[in-house]
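For reference, the structure is listed below as structure tokens.
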Amino acid sequence: MNNSPHSPRAHQHFETLAIHAGQPADAQTGAVVTPIYQVSTYKQDGVGGLRGGYEYSRSANPTRTALEENLAALEGGSRGLAFASGLAAEDCLLRTVLTPGDHVVIPNDAYGGTFRLFAKVAERWGVQWSVADTSDVQAVRDAVRPQTKLIWVETPSNPLLGITDIAALAGVARQAGVRLVVDNTFASPYLQQPLALGADVVVHSMTKYMGGHSDVVGGALVTSDAELGEELAYHQNAMGAVAGPFDAWLVMRGIKTLAVRMDRHSSNAGRIAEMLSGHAKVTRVYYPGLTSHPGHEIAAKQMRDFGGMVSFQVAGGEEAAVAVCDRAQLFTLGESLGGVESLIEHPGRMTHASVAGSALEVPADLVRISVGIEAVDDLMEDLRSALA
Ligand SMILES: Cc1ncc(COP(=O)(O)O)c(C=O)c1O
């Protein structure tokens, strides 16, 4: 689709690419939205005579292709790949680039499912891992071993909103001859572009801000390394956890409004973080937009804005934190994040239960909120009464 008027152009802005990249009007009907090609196989004009390159929808499907071209454009990569979930994308990456005996540096704050994938699945296949505070460049340098193949980073991290200097770690990775992977789920490509900062691969749970409406589960990998892109695409087909056409379509629909949603998520979250910082029942607030956040300056350098995720610790310990989650009404108690509606959860008992007892264990009095795009005054009133 590179000769189409809707192919990505270097001079086009993010908001334009989000709506148009990979999504020309339908050649047959003129439909301005890429159709949902709900199909598994394609008629061949004679054996091996493929029309448009499609033969079987695990290998490629036109709706998924549109999303994958869009993802590559938004992250500034050469290859985007869409998967059935964020963890399916991570699994494909691990099994493409790692073999038994290889070592991975993982962050001391990360989504619990990512930790579980390394600790409970990859380790059984002979992959070694160790944990480092990735906000400390020297700590990462020290953690690299001769067997290290990947440095894995989440920034901002889940759930403690830690900030890692992507450009600095790209330097460490280059020097050590290893690859830098950045999970860009919390920021989205609108707020942060890891490939431009030197990362080799970007990972997304598209379930979150990319989809944006809590109605789809999906994952993505994007790279600007053409050879690695080919290897990943080979494994995506060989392993098979692809995004289905309807899911791909839902994510594309979400991405069209990503920029306006992220602006609103960020401004609402900034106001709420300030409010929580002055609240008597809150002992600590984690939000990179606060000047008191230790990663604030790096976040300001590498992010367009600070995003919609805020975590905070509640005076009174674990039961007090659980009670805040239970009392909130407009903030829906639930896992996940990144939708238009605000969510609240207790990471220790919910999203991060799988890291209990590990180096990634989260504070028991921690509450995480995904600030939606509702009226911020209503959201603040709900939190104030949940904290009362
Ligand atoms: C930062 C991060 N990465 C990856 C994942 C995994 O994505 P999925 O749930 O789509 O498999 C999640 C899920 O919560 C996440 O928060």
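The values are calculated or read from the model by the stated rules, or taken from the named source; none is laboratory data. Computed from a predicted structure; not experimentally measured. For neighbour counting, all protein chains shown are included, and Cβ atoms are generated from backbone atoms with ideal geometry for every residue, glycine included.
Between Thr96, Thr63, Thr114, the distinction of being more than 15 Å from the ligand (Cβ to nearest atom) and more than 20 Å from Phe246 (Cα to Cα) belongs to Thr96 only.
Going by the structure shown, is Gly46 of a type in the set (Gly, Ala, Ser) and under 23 Å from Glu15 (Cα atoms)? Spelling it out, it is not the case that Gly46 is of a type in the set (Gly, Ala, Ser) and under 23 Å from Glu15 (Cα atoms). Does segment 66-75 contain any residue that is within 16 Å of the ligand (Cβ to nearest atom), closer than 28 Å to Ala199 by Cα and under 15 Å from the mean Cα position of the chain (by Cα)? Yes.
Screening Val121, Val105 for residues that are within 15 Å of the ligand (Cβ to nearest atom), assigned by TED's automatic domain parsing to the domain that holds Val140, touching a residue at least 24 places away in the same chain (Cβ under 8 Å) and over 18 Å from the mean Cα position of the chain (by Cα) leaves exactly one candidate, Val121.
Results for (1) crowded, with 18+ Cβ neighbours inside 10 Å; (2) within 20 Å of the chain's Cα centre (by Cα); (3) not assigned by TED's automatic domain parsing to the domain that holds Glu374, shown as yes or no for each residue.
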| residue | (1), (2), (3) |
| --- | --- |
| Asp225 | no, yes, yes |
| Leu228 | yes, yes, yes |
| Tyr234 | no, no, yes |
| Ala238 | no, no, yes |
| Ile272 | yes, no, no |
| Ser292 | no, no, no |
| Val314 | yes, no, no |
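Identify all residues within segment 93-113 that are surrounded by fewer than 24 Cβ atoms within 10 Å (Cβ to Cβ) and assigned to a helix (DSSP H, G or I); write none if there are none. Passing the criteria: Leu94, Arg95, Thr96, Val97, Gly112, Gly113.
In the set Val172, Val178, only one residue is β-branched (Val, Ile, Thr) and over 19 Å from Thr114 (Cβ atoms); that residue is Val172.
Here segment 240-265 is the region considered, the condition is being more than 19 Å from Thr63 (Cα to Cα) and over 16 Å from the mean Cα position of the chain (by Cα), and the residue that is surrounded by the most Cβ atoms within 10 Å (Cβ to Cβ) is Arg264. Here Leu94 fulfils each of the conditions (1) modelled with pLDDT of 95 or more; (2) touching a strand residue (DSSP E or B) at 6+ places or on another chain (Cβ under 7 Å) apart from (2).
The number of residues in segment 340-362 being within 12 Å of the ligand (Cβ to nearest atom) and not aliphatic (A, V, I, L, M) comes to 5. The single condition among (1) among the polar types (S, T, N, Q); (2) assigned by TED's automatic domain parsing to the domain that holds Ser40; (3) under 30 Å from Asp377 (Cβ atoms) that Ser267 does not meet is (2). Applying the condition of being in a loop (DSSP other than H, G, I, E, B) and within 24 Å of the chain's Cα centre (by Cα) to segment 124-143 and asking which residue is surrounded by the most Cβ atoms within 10 Å (Cβ to Cβ) yields Thr134. Looking at this structure, is Val181 buried (at least 24 other Cβ atoms within 10 Å of the Cβ), β-branched (Val, Ile, Thr) and modelled with pLDDT of 95 or more? It is true that Val181 is buried (at least 24 other Cβ atoms within 10 Å of the Cβ), β-branched (Val, Ile, Thr) and modelled with pLDDT of 95 or more. When you check Arg141 against the structure, is it in contact with a His (Cβ under 6 Å, 6 or more places away or on another chain), more than 16 Å from the ligand (Cβ to nearest atom) and either among the charged types (D, E, K, R) or within 25 Å of Val285 (Cα to Cα) (or both), yes or no? When the stated conditions are applied, Arg141 does not pass them.
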